[in-house]
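What follows draws every value from the coordinates through simple rules; no lab data is involved. Note that the structure is a prediction, hence the values are computed from the model and not measured. Methodologically, a virtual Cβ is constructed for each residue, glycine included, from the backbone with ideal geometry; neighbour enumeration extends over all protein chains shown.
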Amino acid sequence: MKFDVDSVGLEDQSACAGVRADLKMCLLESDCVKVHKKTPRQCFQEQDSSVPNECYVLRNLFFECKRSLLDNRQRFRGRKGY
């Protein structure tokens, strides 16, 4: 599920907020959280097979987005993510 920032509007206007919202929605809709009643943190730590690969990709994208905020070379190129 893609979280549409424009139609809903996020309270969090910080950098990487869109990626964070997509990651959150992806985890909350996974079977690991819904069926197995685990927290999203537990699902990632245990690398549960019921978590879709899309969530792992979003987690990596969120990490790269946060890292690009600290890297001075990438600050001029623009942050990664959306």
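Looking only at region 15-72, count how many residues are among the small types (G, A, S), touching a residue at least 60 places away in the same chain (Cβ under 8 Å) and part of a helix (DSSP H, G or I).
Initial filter on region 15-72 (among the small types (G, A, S)): 15, 17-18, 21, 30, 49-50, 68.
Retained after the next criterion (residues that are touching a residue at least 60 places away in the same chain (Cβ under 8 Å)): 15, 18.
With the extra rule that they be part of a helix (DSSP H, G or I), the set shrinks to 18.
Total satisfying the criteria: 1.
Among the residues of region 16-41, which ones are polar (S, T, N, Q) and out of contact with any Pro (no Cβ under 8 Å at 6 or more places or on another chain)? Within region 16-41, T39 is the sole residue that qualifies.
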